[in-house]
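Structure record follows, encoded as structure tokens.
The values are calculated or read from the model by the stated rules, or taken from the named source; none is laboratory data. Keep in mind that this is a model prediction, so the values were computed, not measured. Ideal geometry is used to build each Cβ from the backbone, glycine not excepted, and the neighbour counts take in all protein chains shown.
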Amino acid sequence: MRLMIHLFRAYPMPSFLMVLALFLSGLAEGLGLSAMLPMLKIALSSGEAAENAGPPGELEQVVLDVLAWLGVPPTLGALLLLIVAMATLKAILLLAAQRQVGYTAARVATDMRLEVLRNMMRSRWSFFLHQPAGKLTNALATEAQRGADAYMFGATALTFFIQAIVYGSVALAVSWKATVLGLMAGAVVIWVSHFLVRMTRRAGKRQTELMTSLMSHLTDMLQSVKPLKAMARENQTDDMLRGETNRLNKALRKQVLAGAALDAGQDLMFVMLIALGVYLAIGVLAMEFATVLILAVALGRTFAFLGKVQKQYQKLAQAESAYWSLKDTSARAEAEQEHLGGHVTPTLEREITLSGVRFAYEGHSVLGGLDLTIPAHRITSLVGPSGSGKTTIIDLVIGLLRPEGGEIRIDGVPFETVDLRAWRRMVGYVPQETVLLHDTVLHNVTLGDPAISQERAVAALEKAGAWDFVRTFPEGLETVVGERGGRLSGGQRQRIAIARALINAPRLLILDEATSALDPESEAEIIATLEALKAELTILAITHNDTLAQAADVVHRLEVGGTLSRAG
């Protein structure tokens with residue numbers, strides 16, 4: 001129930017409207033049921049039986065008084081119409097409540113997805129790097145939906161609980177002694193079968209853990225499909241994932257078994273309980289048949305709805321672990337929120353300087369007192385072996401990482417005082433591995449930003465030297481590039497990525513091994529494009545290729561340990 005209390009506090013008004021509609025629908029059902037007792041008395045009493053009938057019971061007298069107050073005659077036809085009217089009102093109110101539940105559940109799923117996504121995107125880069133992509137995918141897809149389902153199950157359980165209260169109240173009004181005994185016996189049935197709920201809860205937790213692990217490994221494997229198929233090792237995917245899949249299947253089997261056992265066993269015990277109660281009431285206590293019939297219906301429905309409450313609670317117990325897992329992921333990301341620095345809007349007119357910058361990854365020194373200058377409106381190249389700190393320098397310049405010592409300045413302004421969000425809007429970034437979206441050229445350049453016009457996209461493609469080949473496509477900007485840009489050549493993909501980096505007119509363009517996978521001709525074309533761009537912006541490039549290094553205005557050669565061996 002902790003989940004429902006939490007969600008009711010998060011969505012107070014929708015939850016209040018839902019509970020109100022459920023209460024009124026339950027009240028309408030209770031009124032309809034209460035009218036059955038005098039209706040049965042009328043139907044069963046005729047002639048001498050009517051003359052010898054005893055005085056009306058307490059509940060019957062209350063119903064007759066209400067009918068008299070409403071001006072409704074206590075005839076069979078009037079009572080039947082009352083029952084139909086109450087059933088209609090109940091159906092309308094229940095529909096309104098269920099619609100509210102559905103709308104709120106959809107909102108819960110959407111809000112949870114957005115909360116996790118926002119907090120993850122705002123977290124520190126070092127935290128984000130340690131989050132498996134599959135875990136985030138599973139959280140946004142599976143866990144969010146299961147969390148919303150948990151709300152649905154809880155709200156449905158509340159619906160059944162209110163209806164159980166209504167029928168129980170009617171039974172109490174007919175015979176409080178018999179009802180109390182019946183409810184005590186029903187509580188024993190609920191208690192006996194509750195171990196199945198605990199079994200389902202454990203299976204649900206296990207399912208959440210295994211789904212997270214499975215999705216993480218599956219995402220990693222799908223990113224490596226090409227080399228696996230190229231080496232005829234695709235069977236490795238099956239071997240690696242078989243164990244987790246089997247364990248997940250085992251948890252699902254336990255969940256199904258617990259649910260089926262609760263459905264079958266509980267219903268049987270309630271039927272036996274009602275049969276025993278009817279036998280004792282008529283055969284031993286010689287209670288009036290109409291009263292016993294109403295009591296049997298009311299208690300039978302009470303037990304049925306209480307059983308449904310437990311079954312829905314069982315489903316809630318199975319799904320709620322996904323909700324709490326999602327909230328935990330969101331909370332940890334929120335606790336790792338990135339500090340966005342000061343409020344100074346930077347300019348890049350002269351240079352970026354790194355003075356005595358030190359940085360270490362998990363105790364391993366990468367940069368040890370580095371001094372480096374990146375002049376504006378020049379091509380600056382960082383050259384050096386793997387592990388020399390080239391990518392770390394880029395991450396420090398972008399502000400994804402913070403130096404452990406030393407200072408970074410932009411045109412003499414300390415980086416700590418710079419508004420990081422404003423600074424990053426001035427940066428265009430082209431990664432080493434150019435991954436395009438399975439979408440159109442236009443969408444890949446604009447990333448779906450509705451504020452960017454086609455004219456701006458064309459201008460960016462022209463600057464990147466990509467418009468010449470894009471306009472030859474039959475569908476032009478609307479050409480779908482394929483999965484990861486597979487319908488384009490390496491040089492074309494690279495130019496599309498450069499156009500994406502240029503779309504917001506950056507002051508600094510960063511290329512992280514952007515020409516490493518290109519043939520000499522494509523590389524020469526990209527370098528020519530960069531030469532034309534440096535009059536408008538500053539270019540910082542990591543490279544292992546001598547061609548790009550030779551074309552650079554400034555070359556910084558790094559050694560392992562982040563020391564500068566020579567600047568050219």
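Residues that are at pLDDT 60 or above and within 30 Å of A105 (Cα to Cα): does segment 64-73 have at least one? Among the residues of segment 64-73, not one is at pLDDT 60 or above and within 30 Å of A105 (Cα to Cα), which makes the answer no. Residues that are without any contact (Cβ under 8 Å) to a residue 40 or more places away in the chain and loosely packed, with under 15 Cβ neighbours inside 10 Å within segment 462-482 comprise D468, R471, T472, P474, E475, E478, listed in sequence order.
Residues checked against (1) more than 27 Å from M215 (Cβ to Cβ); (2) polar (S, T, N, Q); (3) part of a strand (DSSP E or B):
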{"site": "K327", "(1), (2), (3)": "no, no, no"}
{"site": "E334", "(1), (2), (3)": "no, no, no"}
{"site": "H339", "(1), (2), (3)": "yes, no, no"}
{"site": "S355", "(1), (2), (3)": "yes, yes, yes"}
{"site": "R358", "(1), (2), (3)": "yes, no, yes"}
{"site": "V366", "(1), (2), (3)": "yes, no, yes"}
{"site": "L370", "(1), (2), (3)": "yes, no, yes"}
{"site": "L396", "(1), (2), (3)": "yes, no, no"}
{"site": "L401", "(1), (2), (3)": "yes, no, no"}
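Among the residues here, G389 qualifies as out of contact with any helix residue (DSSP H, G or I) (no Cβ under 8 Å at 6 or more places or on another chain), surrounded by 21 or more Cβ atoms within 10 Å (Cβ to Cβ) and touching a residue at least 12 places away in the same chain (Cβ under 8 Å).
All conditions in (1) modelled with pLDDT under 85; (2) small (G, A, S); (3) within 19 Å of L511 (Cβ to Cβ) hold for G428, with the sole exception of (1). Checking each residue in segment 92-122 for being among the hydroxyl-bearing types (S, T, Y) and surrounded by fewer than 19 Cβ atoms within 10 Å (Cβ to Cβ) picks out Y103, T110.
For segment 122-219, give me every one of the helices (runs of 4 or more DSSP H) that falls completely inside it and has 3 or more residues that are among the charged types (D, E, K, R) and closer than 17 Å to K327 by Cβ.
Counting at least 3 such residues, we get no helices (runs of 4 or more DSSP H) at all.
Please specify each residue of segment 434-473 satisfying the condition of being within 17 Å of I510 (Cβ to Cβ), modelled with pLDDT under 85 and more than 28 Å from the chain's Cα centre (by Cα). Correct list: K463, A464. Of the residues making up segment 405-440, those that are within 28 Å of G491 (Cβ to Cβ) and touching a strand residue (DSSP E or B) at 6+ places or on another chain (Cβ under 8 Å) are M426, V427, G428, Y429, V430, P431, Q432, H438, D439, T440. When the residues of segment 80-131 are filtered to those that are of a type in the set (K, R) and over 12 Å from the mean Cα position of the chain (by Cα), which remaining residue is modelled with the lowest pLDDT? Among those that are of a type in the set (K, R) and over 12 Å from the mean Cα position of the chain (by Cα), it is K90. Just to be sure I understand, how many residues within segment 417-433 are farther than 12 Å from I398 by Cβ and hydroxyl-bearing (S, T, Y)? Of the residues in that region, 1 qualify. Look at segment 337-350: where a residue is touching a residue at least 60 places away in the same chain (Cβ under 8 Å) and a partner is among the hydroxyl-bearing types (S, T, Y), sitting 6+ places away or on another chain with Cβ atoms under 6 Å, you get G342/T417; V344/T417; L348/T538. Only residues that are over 30 Å from V180 (Cβ atoms) and at pLDDT below 75 were counted across segment 260-288, and they come to 0. Scoring A173 on the criteria (1) without any contact (Cβ under 8 Å) to a residue 60 or more places away in the chain; (2) crowded, with 18+ Cβ neighbours inside 10 Å leaves a single failure, condition (1).
So, G77, is that one of a type in the set (G, A, S) and either closer than 26 Å to S175 by Cβ or at pLDDT 70 or above (or both) or not? So G77 passes the test.
Given the residues R107, R122, R113, R146, which is the only one that is touching a strand residue (DSSP E or B) at 6+ places or on another chain (Cβ under 9 Å), in contact (Cβ under 8 Å) with a residue 12 or more places away in the chain and in the same structural domain as S15 (by TED's automatic domain parsing)?
Of the residues listed, the single one that is touching a strand residue (DSSP E or B) at 6+ places or on another chain (Cβ under 9 Å), in contact (Cβ under 8 Å) with a residue 12 or more places away in the chain and in the same structural domain as S15 (by TED's automatic domain parsing) is R122.
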